[in-house]
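Scroll down for the structure; my scribbles are underneath it.
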Amino acid sequence: MSPERPLVGTVTRAVQRADTVPALRSGVCDAVVDAGHEFACFCGTDGDSVTASKAAVEPPDPQTVTPTFRSAASGPTPSGSDEGGGVSEPLDDAHAPTADERTVTWVAYDDAYAAAVPVVDADDYYGTLAFGPDGRADTDAERERLATVGRVVGQGFTRLDAVRERDRLRDSLQTERRQFEKLHSVAAGMVGCEDATSIYHLAIDAAENILEFDVCGIDVVEDGYLVPKATSTELEPEDSQRLPADTGIAGRTYQENTSMVVDDVGDHDDAEPANPEYTAVLSVPIDDVGVFQAGSREHGAFSQTDAELVELLMAHVSATLRRLRSADALRESEQKYRTLVEQSHDAVVTYADGELSFANERASALFGRSREELLAADACELFHPEDRVKAERVAGELTAAAGRRQTFESRIRRPDGGVRFCEFSATSIDYEDDVAVLASIRDITERKARERELERQNERLDEFASVVSHDLRSPINVARGSLDLATDTGDHDHLDRASSALDRMEGLVEDVLELARQGRLVDESERVALADVATDAWDCVGAGDATLAVETDDSVEADASRLQELFENLFRNAVEHGSTNPRSHAHEDAVEHAGDGVSVTVTSHADGFAVTDDGPGLPEGSHDEVFERGYTSVDGGTGFGLAIVERIADAHGWTVEAVPPDEGEPERGARFEVTGCRGE
């Protein structure tokens, strides 16, 4: 009989309508009969078969017309069901039909032939669809048409498998969501527990009723042993034993703080089951408290999802146990912290809303105020005026949110005017329903002084390098050239020039060494009279006809020796530059005739003193340059004298300036003012 409808189209529509595997099997068979065949049968890989036929037609036994299925039917039977019918699933590689078995064949039955079509989708084989009678048109076109029918049906099975897997995942996710919600409600109930035992029992009830575990228990570590504290209702006393904390699966879970899912304890080296009936085990640590374990008689009963749910439940257990212990721990911690803060070598303060709310004894000593005075003071006023804007900015940034940290340096000012350099390590914290700043303050004044001294030393090293590489090069070249000329000509006058160059080099070396020595900070000082020191300094200077007048009774806090050197260099500068006699180009002649008639005066000035002479004064426009190393207006001078003066002043914390004459002082020469001495 020839088909009444197109076979491929009719089967395709049946596949599209089917929403279950049984409906797909029966629908395909009905569609083949509707297309004009007398019967159709489908034999799946699960061994089940479905048959459809026209009225009054007795279909053949399905097994007689499905040779491909017979050869492959030894494969595994799929698990699961779909609305009461088996689920066709592809066979594995070991039992899948060969390429020959996947081809369309014709099977003889009674006096006719039935077409046997493999139902496949790519490499997946789902069974055989047989129908007849068929004219057995053994052509490539006919085989391809029938193979297309098998592929269409196979794709239908693949689609339904995907739908079934999607529904399974959806149901699983919904179940997990409900379990998560219930476990969180259990956590809320734990908040009301007042002892650890109640927490343990509540967790076991949740594992039984929400996670539906067969048996479970919680063991807590005590004196090196895992001791049972709560067990499920079905667990017998002998099934829960006290064990060393490093023994078995529970011991490993606790020691490594890692969850373990064991499908079969018989295959696990660490397993020491109290009851061998339980083959599968789920073991989850409870922080440093103990272990939760669940058991099942079913092999591979626990999944990774089960482990994650129990980990969530045990996290709630741990959090609640910490809450119970927090009150005593908090009181103990507060006492320890207060002791630590009070005994700290650093100042510790808390700041909020523009004032300090706490200060330890070290803070009181650092700021030079009592605790009461510190807590009553405007916090901003405690800083050096030049650092207050910075301090307010940092405080604003820190108090914007808790948990912020900053480390910065700033100066503080004491009531007596003293200034200290400090390093602040500040953290914003939650404090009395507000954000406050907790600061540790370290006095780094001495460190800053050492840093400045190191900078000075580096500068002196640079100066040494400069002298060696530049300033000494010229006299060395002169000496070398003079010696060469003396050798070539025999004229000893060239040796005199070489000798002068060597003297120049010696003077440079002595001056740069002196400059380096004077760069050191003053470590010890005493009250000395300016008149006495100035007079001693004058006696050490070859002043010639120059005169000194000291018109001050002030005294200053200074290193007397270095103050005398300061005066000596100022006096020498006045004498050498203030001579009214003509000078030769030789430095020795300048010294010999220096100071003819010049007068030098030492007077009080502001909080220091001044040295003034009546010589020709400094060159116009040079008052800001005279302290630079190497600056000189005298032939043969080294240019170190006034640089040494500035170094000595800096070492004392003073300031020295070269002051040009006013319009009303036409007869005045050079004037140097030293301030910051706090002279009396």
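Counting only heavy atoms of the protein chains and using a 1.4 Å probe, Leu548 has close to 50 Å² of accessible surface.
Using the Cβ-Cβ distance between Thr487 and Thr547 with R0 = 35 Å, the FRET efficiency computed as 1/(1 + (r/R0)^6) comes to roughly 0.15.
Taking 20 Å as the straight-line reach from the Cα of Lys390, the lysines in range (excluding those fewer than 8 positions away in the same chain) are Lys448.
If you sort Ile429, Ile204 by accessible surface, 1.4 Å probe, largest first, the order is Ile429, Ile204.
Here the spin labels are modelled as points 7 Å beyond Cα on the Cα-Cβ line, and at Val8 and Leu502 they lie 11.7 nm apart. The largest accessible area among Lys336, Lys229, Lys448 belongs to the first residue in Lys336, Lys229, Lys448, and the rest follow in falling order (1.4 Å probe, all chains). The radius of gyration of the Cα set in the range 157-305, together with its Dmax, comes out at 17.0, 60 angstrom. Annotation: the range 537-577 has a Kirkwood hydrodynamic radius of 11.2 angstrom, from the mean reciprocal C-alpha pair distance.
Taking the range 347-463, how much of its Cα-Cα pair set, in percent, is spaced more than 20 angstrom apart?
On the way: 2917 of 6786 pairs.
That tail contains 43 percent of the Cα-Cα pairs.
Given R0 = 22 Å, the distance between the Cβ atoms of Arg322 and Glu397 translates into a calculated FRET efficiency of 0.10. The candidates Leu211, Leu169, arranged from most to least accessible area with a 1.4 Å probe in the full protein assembly, appear as Leu169, Leu211.
Taking all protein chains together and rolling a 1.4 Å probe, Tyr431 ends up with roughly 80 Å² accessible.
Between Ala147 and Asp111, what FRET efficiency comes out of the Förster formula 1/(1 + (r/R0)^6) with R0 = 41 Å and r the beta carbon distance, rounded to 0.05?
On the way: r = 26 Å, r/R0 = 0.63.
For R0 = 41 Å, the calculated efficiency reads 0.95.
Of all aspartates and glutamates in the structure, those lying under 18 Å Cα to Cα from Lys336, and not within fewer than 8 positions of it along the same chain, are Asp328, Asp346, Glu361.
The values are calculated or read from the model by the stated rules, or taken from the named source; none is laboratory data. The model shown is predicted, which means the values in this text are computed figures rather than measured ones. Note: ideal-geometry Cβ built from the backbone for every residue, glycine included; neighbour counts use all protein chains shown. To get the accessible areas, we keep the full protein, side chains included, count just its heavy atoms, and leave off ligands, DNA and RNA. Shrake-Rupley method; radii C 1.70, N 1.55, O 1.52, S 1.80 Å.
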